[in-house]
4 protein chains.
Amino acid sequence: MKSTAMLETYPATLTLDRSLIAAAIDALAECAQACTACADACLSEDMVAELRTCIRTNLDCADSCTATERILSRHTGDDANVTRAHLEACLTACRTCADECEAHAGMHEHCRVCAEACRACEAACTAVLDAIR
Amino acid sequence: MKSTAMLETYPATLTLDRSLIAAAIDALAECAQACTACADACLSEDMVAELRTCIRTNLDCADSCTATERILSRHTGDDANVTRAHLEACLTACRTCADECEAHAGMHEHCRVCAEACRACEAACTAVLDAIR
Amino acid sequence: MKSTAMLETYPATLTLDRSLIAAAIDALAECAQACTACADACLSEDMVAELRTCIRTNLDCADSCTATERILSRHTGDDANVTRAHLEACLTACRTCADECEAHAGMHEHCRVCAEACRACEAACTAVLDAIR
Amino acid sequence: MKSTAMLETYPATLTLDRSLIAAAIDALAECAQACTACADACLSEDMVAELRTCIRTNLDCADSCTATERILSRHTGDDANVTRAHLEACLTACRTCADECEAHAGMHEHCRVCAEACRACEAACTAVLDAIR
C-alpha cells in the first residue's frame, strides 16, 4: 500500500497523525479484502447452510471498510463528525464480523485469518477515533 | 427500483417494516447517484476552487450511501447494532452534504437538486432508525 | 432517481444523449440493488447449497453495476475508451447473472425479478455503447 | 494484505495461479487507495482548475479497481468471461490514469506516486489476463 507515501505528498495541512491514518487505511483495505474472500470461501464450504450469518456479516464488513477507507483517504475540508461516525460504524461491523468468524475459526482457516484482519481493523479504527475525540 | 419487489420475495422473516426499508433503499440509491453527479458538476464549474469542500463532502456521502444501501438490502442474520451504526453514520454524511450543498443552491442548480436528495435520504434513514431503536 | 435532473444541471457540454445516459444510470442502480438483494435472498433459501454460483454471480454483477453507474455519472474529461470498456464488462456481468437467475426463475421469485433487472441493464448499457462506438 | 493467506485457505479448487491472483489483488487495492488519495490531493492544490481531468480519471480508476479486486477475490463458480472483461476494463482505467498522472508527475509528487501504482496495477491485471486467455 502507498498510503504513507500518499499522505506525505498531500499538499495542505493534515490535522491528524499521519502514521495513525496510514495504519487505519491499510487495516481497512486488508479487512475489506479478507471479508470478501471469507464470504466466498464460506460459500464454497459443504456446510454453507450453517455459514449464512457469517457470509452476511462478511459482506457488510467489506462494504463498511471500503467506504471508511475512502473517507479516511480524503483530507480536503475534513469534517470530524463525518469521520467519527463512520469509524464508529465500521468498528461495529468489524467487531461483529470478528465475533462471528472466531466462532468458526477452529473449523475454517479462512474464518481464523479473517477474524485476525477484523480485530486488527477494529483496533486501528479505535486508535484514530481516540485521536479525534 | 425493484426494492419493494425484492423485499416481497425474500424467503425468510423480516423484522422491519418493508415499506420503510424500501423507501430508505430508494433514497440511498438516489442520494449516492446525485452526490456522485454533483461532485462531477462542481468539478466542471469555473469556480471549482471554491467548491473543494462541496466535492469532498459529495464523495464521502456517495460512499456512505452505497455501503448503507447494500447493508439495508440484506436481511439474513440481521444485526440491529450494525444496521443502526451505519444508518447513524449515513445520516451524518447526508446532513453534512445537504448543509454544504444548500450553501450554493442559489448559485448552482446541481447543488440544489443534490441537497434535496440528501435531505430526503437523511429523513428516510431517520425513519428506519426510529423503527429499530 | 434524480439522474435526469442532475444531467440537466451539468455546467459543461455533454457529448452523449442525456436520455440514454439517464436510462442507463437508472438501470444500473436498479440492477445493483436487485443483485445485492437476490444474493441475500438466495442465502436464506433452504437449498442455498444449490445457489452458490447464483450468489457469486449476483455479487459480481452488483459490484460491476455500482462502478459503471459512477463512471456514467461523471462527464468531466470524458474518455470514451474507459466508458466503453466498463460498459462492455458490465453487460457481460449482467448477461451472465441474467442467464444464471433465469435458470431458477420458475422456483425463486427473487431470481425472476433480478433476471428482469439484469436484462434491462444489459439493454441499457448496450444502447449507450451503440451510441459511443 | 492477507490475500495470499485467504487464497491458501479457499476450500475448493482454484483454476488460476495463486501468486498471480494475490499479486493482482494487492496491486488493485493499492491502486484504488492511491487514486482516491490522489483525487483528494489534486483537489487541495492551488491549481485545481488544471487538474479536473486528473481528478475525474482518478475517481474512475478507484471505482474500477475496487470492483475488480472484489471479483478477483471470489472463486466460487468462476466465469472466465466475466473475469476477463473486468480485467480488460480495469487495465484501461489504470493506463488512462497513469498517462494522466505522469503528465503532472514532475510538478505533483502525489501524481508521481499514483502513476506508479497505476502502472503496477496495469501490469498485474495484464499478467492475470495472459494466464486466462
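Checking each residue in segment D:84-107 for being touching a helix residue (DSSP H, G or I) at 6+ places or on another chain (Cβ under 7 Å) and farther than 13 Å from D:SER64 by Cα picks out D:ARG84, D:ALA98, D:GLU100, D:CYS101, D:GLU102, D:HIS104, D:ALA105. Scan segment A:81-113 for residues that are within 30 Å of D:ASP40 (Cα to Cα) and more than 11 Å from chain B (Cβ to nearest Cβ) and the total you get is 0. For segment D:1-32, a residue qualifies if it is in contact (Cβ under 8 Å) with a residue 40 or more places away in the chain, assigned to a helix (DSSP H, G or I), within 7 Å of another protein chain (Cβ to nearest Cβ) and not acidic (Asp, Glu), and the qualifying residues are D:SER3, D:MET6, D:ILE25, D:ALA29.
Annotation note: of D:ILE55, D:ILE71, D:ILE132, the sole residue that is of a type in the set (A, V, I, L, M) and in contact with a His (Cβ under 6 Å, 6 or more places away or on another chain) is D:ILE71.
Taken over segment C:102-133, the criterion of being more than 14 Å from the chain's Cα centre (by Cα), assigned to a helix (DSSP H, G or I) and of a type outside the set (Gly, Ala, Ser) is satisfied by C:GLU102, C:GLU109, C:HIS110, C:CYS111, C:ARG112, C:ASP130, C:ILE132.
Report yes if some residue within segment B:47-59 is away from chain A (no Cβ under 14 Å) and at pLDDT 95 or above; otherwise report no. Within segment B:47-59, one or more residues are away from chain A (no Cβ under 14 Å) and at pLDDT 95 or above. Quick check on segment D:109-127. Is at least one of its residues closer than 14 Å to C:ALA89 by Cβ and buried (at least 23 other Cβ atoms within 10 Å of the Cβ)? The answer is yes; a qualifying residue exists.
Taking the numbered list (1) in contact with a helix residue (DSSP H, G or I) (Cβ under 6 Å, 6 or more places away or on another chain); (2) more than 22 Å from B:GLU88 (Cα to Cα); (3) crowded, with 24+ Cβ neighbours inside 10 Å in turn, A:SER64 passes all entries but (2).
Among the residues making up segment B:1-58, those that are open to solvent by 50 Å² or more (accessible area, probe 1.4 Å) and acidic (Asp, Glu) are B:GLU8, B:ASP17, B:ASP26, B:ASP46, B:GLU50.
Looking only at residues that are over 16 Å from B:ASP130 (Cβ atoms), open to solvent by 10 Å² or more (accessible area, probe 1.4 Å) and assigned to a helix (DSSP H, G or I) in segment B:68-80, which one is nearest to the other protein chains (Cβ to nearest Cβ)? Looking at residues that are over 16 Å from B:ASP130 (Cβ atoms), open to solvent by 10 Å² or more (accessible area, probe 1.4 Å) and assigned to a helix (DSSP H, G or I), I get B:ARG70. Taken together, the residues in segment B:44-63 that are more than 21 Å from the chain's Cα centre (by Cα) and part of a helix (DSSP H, G or I) amount to 3. Every listed requirement among (1) more than 8 Å from chain C (Cβ to nearest Cβ); (2) more than 25 Å from B:THR66 (Cα to Cα); (3) of a type outside the set (D, E, K, R) is met by D:ALA41 save one, (2). When segment B:82-107 is limited to residues that are of a type outside the set (A, V, I, L, M, F, W, C) and surrounded by fewer than 21 Cβ atoms within 10 Å (Cβ to Cβ), the one that is modelled with the lowest pLDDT turns out to be B:GLY106.
The values are calculated or read from the model by the stated rules, or taken from the named source; none is laboratory data. Owing to the predicted nature of the structure, the values given are computational and were not obtained by experimental measurement. Ideal geometry is used to build each Cβ from the backbone, glycine not excepted, and the neighbour counts take in all protein chains shown. Accessible surface areas use protein heavy atoms only, side chains included; no ligands, DNA or RNA. Shrake-Rupley method; radii C 1.70, N 1.55, O 1.52, S 1.80 Å.
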